[in-house]
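Note sheet for the following structure.
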Amino acid sequence: MAKVNKVTLPEDIFNESWKADNEDGLIKKQDDEQIHGKFLLLKLLKLPNMRKKTIILAFVWIANTLIYYGLSFNTSNLGGDDFINCFIAGAVEIPAYAMGIFIPDWRVLGRRGSLIVTMVIGGIACIAASFVPPCGDYIWIGVTVTMISKFCITCSFGIVYVYTAELFPTPVRSMAVGISSMFARIGGIIAPQLLLMATLWENLPALVFGVSAIVAGLLIIPLPETRGKQLPETIEEGERFGKIVGNGRPKSGQIYKVEDAGIEDVRMNAI
């Protein structure tokens, strides 16, 4: 490998002391990164713009998972053949994920717009499905409207991963996606319990799913668009990214002092 890359290896590469020193350095580096990651996680919420993004995206992830699993678990209650309903619910995810690859790159929608549109349409379809009786000639109407909702939520599920990663700066990008995914598990836990609300009123679970999707979609509006934008590389850039002043324009001249929040401005080297 060294010969192909035209790199000269150190003469003492197979020396035991050299290997021990490098192993100690690697362990120390991993420990430092772990400590620094915890430090950033605790101090990150002190930055107002970053805190706003974190809270909004936490709710968006919870709503996405809640509706996705709620609709998946509810296929047997749609009426008609349970096996056909389950098959359609799984098959609809294939074009949904495929669309989730392309529509975030549309100039008209972008990442933010496509996420808002898919969640709001999914929520409206979910609410509409709750008023369709699962019997007689209305069965396929209810199944169709529910699958439109499942299609939109599945599509938004794929988009939210990309949008979350692009919204946060490099030092905390992977951490932000991990935290958001952790919040998403809350939706997965609540979903099967929420279906039990049908014992009170059979339309209640679908209404809760629909309202959650619409609210989550509308909460995304204040967040910035990331398509075609230079992504933030430092904590300071991440705090300024998408920050709005009184006239509705992003701040350009004012620099937010991250030291005031006790956070070190770190620029990660690309590997």
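The values are calculated or read from the model by the stated rules, or taken from the named source; none is laboratory data. Because the structure is predicted, anything quoted here is derived from the model rather than measured. Glycine gets a Cβ as well: all are built from the backbone with ideal geometry, and neighbour counts include every protein chain shown. We work out accessible area using only protein heavy atoms, side chains counted, and drop any ligands, DNA or RNA first. Shrake-Rupley method; radii C 1.70, N 1.55, O 1.52, S 1.80 Å.
Surface composition of the range 93-132: carbon and sulfur atoms hold 75% of the protein heavy-atom accessible area at a 1.4 Å probe. Less than 15 Å Cβ to Cβ from VAL177, Lys/Arg counted +1 and Asp/Glu -1: what total charge do the surrounding residues give? Counting the neighbours of VAL177, the net charge comes to +3.
Rolling a 1.4 angstrom probe over the protein heavy atoms with all chains in place gives the range 58-158 an accessible area of 46 Å² per residue. Note on surface exposure: GLU233, GLU225 rank GLU233, GLU225 by accessible area, highest first, 1.4 Å probe. Surface composition of the range 159-209: carbon plus sulfur atoms contribute 73% of the solvent-accessible area (1.4 Å probe, protein chains only, all chains present).
Residue pairs exceeding 22 angstrom between C-alpha atoms, taken from LYS150/LYS229; LYS53/LYS150; LYS53/LYS229; LYS46/LYS229; LYS52/LYS229: LYS150/LYS229; LYS53/LYS150; LYS46/LYS229.
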